[in-house]
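The values are calculated or read from the model by the stated rules, or taken from the named source; none is laboratory data. As the structure is a computational prediction, the values presented were derived from the model and not from experiment. Quick reminder, even Gly has a Cβ in these numbers, built from the backbone with ideal geometry, and neighbours come from all protein chains shown.
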Amino acid sequence: MIQKLFPLDKNYLLRQAQTACEEELIVQMVEELKVSYTQLYNPLRLMDPTFSQIMGNWNYPKDRLRLIYRQLCGVYRYRHGDNQLELLFDGRTHLEKFQQDWHEAFLGYIRHLGQHEAYVKTMLRMTLLFDTETRAEWAENHCKAFINHYFELKVVKRQGELLLRVS
């Protein structure tokens, strides 16, 4: 069963494109997180224990990253969820076009979010600096709240459904 984030979350082709790109973009999310950490906290690239742990860590839990990825997918569908298909004259399918548009928008999202310390710290706590499950859960909740605040969205729970609204 497909989980809708808002009543008009019916762009199934866009959802399929986002799902197809998920693994690739999660890896890209971590790479951009490393770049953001370097720009914010270590622009001289001095090797200290934390920096070397972040740059050398390739084994991190991805389950919480998937939740953040899916939240960003929902934000994109909410803002760009028009179901009307356009005529394409470049030989691409609509799925390929949606994948390319989503890829570009996602990279823009994580680059803009990466300029904020709150996002970088919580993402690091969930992934590359993961130590305990409780801290990761706390960081996940704060990251979700930050993303909702950043995109000026409010999550409202009514009758068992989570609804997105513009604040």
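Quickly run through region 74-105 and pick out the residues that are within 18 Å of Phe146 (Cβ to Cβ) and over 22 Å from the mean Cα position of the chain (by Cα).
Matches in region 74-105: none.
What residue, of Gln28, Gln71, Gln3, is over 11 Å from the mean Cα position of the chain (by Cα) and either at pLDDT 90 or above or loosely packed, with under 13 Cβ neighbours inside 10 Å (or both)?
Exactly one residue qualifies, and that residue is Gln3.
Within region 117-142, track down each residue that is farther than 11 Å from Arg64 by Cβ and under 14 Å from the mean Cα position of the chain (by Cα).
Of everything in region 117-142, those that are farther than 11 Å from Arg64 by Cβ and under 14 Å from the mean Cα position of the chain (by Cα) turn out to be Tyr119, Val120, Leu124, His142.
State which residue is modelled with the highest pLDDT when the search covers only region 74-104 and only residues that are over 22 Å from Gln28 (Cα atoms) and among the hydrophobic types (A, V, I, L, M, F, W, C).
Phe89
Can you name every residue in region 35-59 that is aromatic (Phe, Trp, Tyr) and assigned to a helix (DSSP H, G or I)?
Result: Tyr37, Tyr41, Phe51.
Please work out if Gly81 is assigned to a loop (DSSP other than H, G, I, E, B), under 23 Å from Cys21 (Cβ atoms) and either in contact with a strand residue (DSSP E or B) (Cβ under 9 Å, 6 or more places away or on another chain) or not basic (Lys, Arg) (or both).
yes
Select from region 124-156 the residues that are within 20 Å of Tyr37 (Cβ to Cβ) and acidic (Asp, Glu) and list them in ascending order.
Asp131, Glu140 - these are the residues of region 124-156 that are within 20 Å of Tyr37 (Cβ to Cβ) and acidic (Asp, Glu).
Condition first: buried (at least 19 other Cβ atoms within 10 Å of the Cβ) and of a type in the set (D, E, K, R). Now tell me which residues in region 74-99 satisfy that.
Arg77
Restricting to region 31-65, what's the tally of residues that are surrounded by fewer than 16 Cβ atoms within 10 Å (Cβ to Cβ), modelled with pLDDT of 95 or more and closer than 22 Å to Asn141 by Cβ?
1
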